[in-house]
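The values are calculated or read from the model by the stated rules, or taken from the named source; none is laboratory data. Computed from a predicted structure; not experimentally measured. Every residue, glycine as well, gets a Cβ built from its backbone with ideal geometry; the counts of neighbours run over all protein chains shown.
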Amino acid sequence: EVLGSQSEHTATKKHQQNLKTKFRLYTDTAESSCQIFVNQLETLDKCSFNASLPLVMIVHGWSVDGILESWIWKMAAALKSQPNQMNVIIADWLTLAHQHYPIAVQNTRTTGREIAQLLEWLEESVQFSRSNVHLIGYSLGAHVSGFAGSFINGTKKIGRITGLDPAGPLFEGMSPTDRLSPDDANFVDAIHTFTKQHMGLSVGIKQPVAHFDFYPNGGTFQPGCHILHVYNHIAQYGITGITQTVKCAHERSVHLFIDSLLHKDKQSTAYWCNDINTFNKGLCLSCRNNRCNTLGYNIREERPPKSRRLFLKTRAHMPFKVYHYQFKIHIINEIHGKPINPAFTMSLAGTKEDAKNLHIPLVEGIIGNQTYSFLITLDTDIGDVIMIKLKWEGTPVWENIWDTFQTIIPWTKGTHRPGLIVKAIRVKAGETQQK
């Protein structure tokens, strides 16, 4: 039964004064909100809560300084800027999150129950459907959101939960009932941005926890962040040193989501793949059978039978979108001796613009008479590729043997062939799926 008995309702009403979570309805002005109190119907009117509109709730994570971080207000403003109107509530559980980390972890269940209590009350008092609820939880807040979804009464689930780099310590490897999981809502997506382990430490959870788990840049760390600074500060200051030092990679998940709200014309596409090494070979840039999806707010919501791990590259700042290309080079001559690891650069001429001196990240050594695949990303859309220029940046041992060579699509007769004989180059654009 969704609403419970009248006696339970009365007990809940009496318990309202003991709720530790503050529910702040964002009011469209900078860092301004209006507090809604469970079982006080007049606060819904006072705060102009519109029961006919969807509800998006932002749930912050562990707090060291006890204040709401600036990203919360940026996300709230970005959500309210959308053409589709919505209620935006900030779940302020600072009194429970501003504790030693293990205590804050214990408090995630309490906060989840209180969010569930709010949603049940909205359902009872103003017939607000839980299917119109989207919880966005960062770090510990991701697991809070999961608990809220699992604690809500009745068989129907809330609409969506988005986990932004869900916290790893004390959650990694736990059962689905003890962390965020796909069972917690009709649709669950997660973005993993800081899963790199060091001395057993992984700030963000590495395992899949959603229907779609996105791993930008492999999920371990993010471009523009400096990994050595993180662990040097942890070594010097202990666990409190994490606060600012993990902010870059851990909080990148937040800004990737905000980016998806602010840049509708720069949506980032991610691709279903087994692992980052396979992805780096460019072997996963397929959108057939729903193998790709959009990162962030505008994701295509579906429920695959198992969690899907999706990978993508990004750049270091907003807008984060890059364009993914798979290049296959078929080398037909034999290379005797050990496999070589050449350093290639590539220049591309496109129908819109050119891209010059791109490093080719070969994952494996070249032995010849094979097709080699690799991934290249560009910050801009160059259009259809009409010419490719390859250059060998060899070691001194090879520089007199290998020479600069160029291949034009299609291969022209009479082209001088140096030591490396390329039979064909094939290009596939991930975003357009054109070959």
(Q) Criterion first (at pLDDT 85 or above, among the basic types (Lys, Arg) and over 27 Å from ILE191 (Cα atoms)) does LYS306 satisfy it? (A) no
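Quick one: would you say LEU19 is modelled with pLDDT of 95 or more and surrounded by 12 or more Cβ atoms within 10 Å (Cβ to Cβ)?
Values: modelled with pLDDT of 95 or more: no; surrounded by 12 or more Cβ atoms within 10 Å (Cβ to Cβ): yes.
Against the criterion (modelled with pLDDT of 95 or more and surrounded by 12 or more Cβ atoms within 10 Å (Cβ to Cβ)), LEU19 does not qualify.
One line per residue, one yes/no per condition, for (1) charged (D, E, K, R); (2) in contact with a strand residue (DSSP E or B) (Cβ under 9 Å, 6 or more places away or on another chain); (3) modelled with pLDDT under 95; (4) buried (at least 21 other Cβ atoms within 10 Å of the Cβ):
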| site | (1), (2), (3), (4) |
| --- | --- |
| GLN35 | no, yes, no, no |
| PHE49 | no, yes, no, no |
| ALA78 | no, no, no, no |
| ALA97 | no, no, no, yes |
| THR108 | no, yes, no, yes |
| ARG113 | yes, no, no, no |
**Q.** Scan of region 26-40 for residues that are touching a Ser or Thr at 6+ places or on another chain (Cβ under 6 Å) and closer than 14 Å to LEU122 by Cα, ordered by number
**A.** ILE36, PHE37
Q: Would you point out the residue of region 246-262, among those that are aliphatic (A, V, I, L, M) and more than 17 Å from ALA77 (Cβ to Cβ), that is modelled with the highest pLDDT?
A: ALA249
**Q.** Residue that is of a type outside the set (Ser, Thr, Tyr), farther than 22 Å from THR111 by Cβ and in contact (Cβ under 8 Å) with a residue 40 or more places away in the chain, where the choices are LEU41, LEU79
**A.** LEU41
Q: Could you please let me know if LEU44 is more than 26 Å from GLY204 (Cβ to Cβ), in contact with a helix residue (DSSP H, G or I) (Cβ under 7 Å, 6 or more places away or on another chain), outside any loop (DSSP other than H, G, I, E, B) and at pLDDT 95 or above?
A: yes
Q. Out of all the residues in region 131-163, which are more than 16 Å from the chain's Cα centre (by Cα), surrounded by 24 or more Cβ atoms within 10 Å (Cβ to Cβ) and polar (S, T, N, Q)?
A. SER145
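Among the residues of region 164-174, which ones are aliphatic (A, V, I, L, M), farther than 17 Å from ILE299 by Cα and surrounded by 22 or more Cβ atoms within 10 Å (Cβ to Cβ)? So that I can check it myself, show each step before the final result.
Initial filter on region 164-174 (aliphatic (A, V, I, L, M)): 164, 167, 170, 174.
This time we only want the ones that are farther than 17 Å from ILE299 by Cα, so: 167, 170, 174.
Selection gives ALA167 alone.
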Q) Failed condition for TRP73, given (1) part of a helix (DSSP H, G or I); (2) surrounded by fewer than 17 Cβ atoms within 10 Å (Cβ to Cβ); (3) not β-branched (Val, Ile, Thr), with all others met? A) (2)
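Do we find a residue being part of a loop (DSSP other than H, G, I, E, B), of a type outside the set (Asp, Glu) and touching a His at 6+ places or on another chain (Cβ under 7 Å) anywhere in region 283-295? Can you show your working first?
First pass over region 283-295, keeping only residues part of a loop (DSSP other than H, G, I, E, B): 283-287, 291, 295.
Now restrict to residues that are of a type outside the set (Asp, Glu): 283-287, 291, 295.
From what is left, the residues that are touching a His at 6+ places or on another chain (Cβ under 7 Å) are 285.
Checking region 283-295: at least one residue is part of a loop (DSSP other than H, G, I, E, B), of a type outside the set (Asp, Glu) and touching a His at 6+ places or on another chain (Cβ under 7 Å).
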Q) Given the conditions (1) assigned by TED's automatic domain parsing to the domain that holds HIS255; (2) modelled with pLDDT of 95 or more, and given that MET318 satisfies all but one, which numbered condition is not satisfied? A) (1)
Q) Under the condition of being part of a helix (DSSP H, G or I) and of a type in the set (Ser, Thr, Tyr), which residue from region 246-282 is surrounded by the fewest Cβ atoms within 10 Å (Cβ to Cβ)? A) THR278
(Q) Can you tell me which condition ASN341 does not meet? The list is (1) closer than 24 Å to ILE386 by Cα; (2) modelled with pLDDT under 95; (3) not charged (D, E, K, R), and all the others hold. (A) (1)
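Inspect all residues belonging to region 173-183 and state whether any of them is within 25 Å of GLY204 (Cβ to Cβ), of a type in the set (A, V, I, L, M, F, W, C) and not in a helix (DSSP H, G or I). Spell out how you get there, then give the answer.
First, the residues of region 173-183 that are within 25 Å of GLY204 (Cβ to Cβ): 173-183.
Filter again for of a type in the set (A, V, I, L, M, F, W, C), leaving 174, 180.
Now restrict to residues that are not in a helix (DSSP H, G or I): 174, 180.
Yes, region 173-183 contains a residue that is within 25 Å of GLY204 (Cβ to Cβ), of a type in the set (A, V, I, L, M, F, W, C) and not in a helix (DSSP H, G or I).
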Q) Among all residue pairs at least 6 apart or on different chains, which show Cβ distances below 6 Å where the first residue, located in region 306-332, is closer than 27 Å to CYS248 by Cβ and the second is of a type in the set (D, E, K, R) and assigned to a strand (DSSP E or B)? A) SER307/ASP213; ARG309/ASP213
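Output the residues belonging to region 314-329 that are of a type in the set (D, E, K, R) and either crowded, with 22+ Cβ neighbours inside 10 Å or closer than 15 Å to LEU348 by Cβ (or both).
First pass over region 314-329, keeping only residues of a type in the set (D, E, K, R): 315, 321, 328.
The answer is LYS321, LYS328.
Take ASP259 and decide whether it is in the same structural domain as ALA76 (by TED's automatic domain parsing) and touching a Pro at 6+ places or on another chain (Cβ under 8 Å). Lay out the reasoning, then the answer.
Details: in the same structural domain as ALA76 (by TED's automatic domain parsing): yes; touching a Pro at 6+ places or on another chain (Cβ under 8 Å): yes.
Criteria met by ASP259.
When you go through THR220, THR243, THR177 one by one, which is the residue that is among the β-branched types (Val, Ile, Thr), modelled with pLDDT of 95 or more, surrounded by fewer than 20 Cβ atoms within 10 Å (Cβ to Cβ) and assigned by TED's automatic domain parsing to the domain that holds TYR138? Outline the logic, then answer.
Working: THR220 fails: modelled with pLDDT of 95 or more; THR243 fails: modelled with pLDDT of 95 or more.
Just a single option satisfies the conditions, and that option is THR177.
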